[in-house]
Amino acid sequence: MPIIFEQVTHIYGAGTPFEKEALSAVSFAIPDEAFVGIIGQTGSGKSTLVQHLNGLLKPTRGRIQVGDWQIEPSSRLPAEFRSNVGLVFQYPEHQLFEETVAKDVAFGPRNLGLSEEAALLRAKEALETVGLSYDELKDRSPFHLSGGQMRRVALAGVLAMQSKVLVLDEPTAGLDPAGRKEILEAIYRIHRERKLTTFLVTHSMEEASRYADFLLVMAEGKVVLQGTPAEVFAEEELLRHHALAVPQTVELIQQINASLPGEQQIPVTLFRE
Ligand code: ADP
């Protein structure tokens, strides 16, 4: 689903002493099936931005288009709209609550009105997509799994909704490097197989450069840079100004490219570990 933000401003607690403009006139356009990395320091507005994608937050000013849907300050959004966009929060395992893994993952589809049988089929498919065995885990409590497994079960719960847009807010926070890689590889595979438009919020320029085809760099509520990873990483000075570093792998390719004629240069965007 293509997504357009037009001059989107979000103010928390407008008119109170705690008023905070967390997004300031943010504009961008994302084509269908893109993988978008959102990077920026803590407090730069990344979470606020992505919560607009499924109508959890509405713009104070401006307009958002998600496929054929329009979100404006006064829009009323039907439940049907929310199921278009799967949102995975930080520490998604905190949202697990059912007594078994199967019930937890089937909760969303059942809420969409699917029969018990169809919802469990969706759960089975989603668990297998994230590399977990349905038969082994279906009757287990989600609270007795490892950290990485819990996170995958939570991700499966969102995938079972079969939304066209997937939004992940720091999905690897708190995991070790191997766990991070596993989750990200699974997300990337799902993105390709299901042809999803995917947004990944991350602290890591390295992660963003490896998976995204389009980057939004945020600072103090504004998108200060946007473009392909190659375009964004070419702006080293601006990135450093916002305390963001060009990833080492990209830096290495740029150094190699400096000694190669144009037609032999390695495209940074194609680089994946
Ligand atoms: P990020 O995801 O980049 O860390 P956030 O979108 O969470 O940034 O926050 C952007 C700014 O908005 C921060 O200054 C934060 O303190 C503020 N903020 C976030 N959520 C709320 C809220 N519910 N009420 C008031 N201010 C908030």
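Here the gap between ALA118 and LEU252, fully extended at 0.36 nm per residue and compared with their Cα-Cα distance, gives a gain of 43.3 nm. Put simply, the C-alpha atoms of segment 137-273 give a gyration tensor, and the ellipsoid matching it has half-axes of 32, 16, 15 Å, longest first. Pick from GLY147, GLY174, GLY113: which residue has the top mean-square fluctuation in a GNM of the chain where Cα pairs under 10 Å get a spring? Per the Cα network of the chain with a 10 Å cutoff, GLY113 tops the list.
Among the listed pairs LYS20/LYS58; LYS103/LYS181; LYS138/LYS164, which have their C-alpha atoms separated by more than 19 angstrom in this model? Among LYS20/LYS58; LYS103/LYS181; LYS138/LYS164, the Cα-Cα distance tops 19 Å for LYS103/LYS181; LYS138/LYS164. Longest span of the chain, sites excluded, free of trypsin sites (Lys or Arg not before Pro) in DSSP loop with at most 13 other C-beta atoms within 10 Å? It works out to 77-194. Could you pull out the chymotrypsin sites (Phe, Trp or Tyr not before Pro) across segment 1-89 that fall in loop regions by DSSP (anything but H, G, I, E, B) with no more than 12 other Cβ atoms inside 10 Å? Counting only loop positions with at most 12 other Cβ atoms within 10 Å, the chymotrypsin sites (Phe, Trp or Tyr not before Pro) in segment 1-89 are PHE18. Once the Kirkwood radius over Cα pairs is known for the chain, the Stokes-Einstein relation at 20 °C and 1.002 mPa s delivers a diffusion coefficient of 109 µm²/s.
FYI, it's all coordinate maths here, none of it is from the lab. Everything numeric here is computed off the predicted structure, so don't read it as measured data. Using ideal geometry, Cβ is built from the backbone for each residue, glycine included, and neighbour counts are taken over all protein chains shown.
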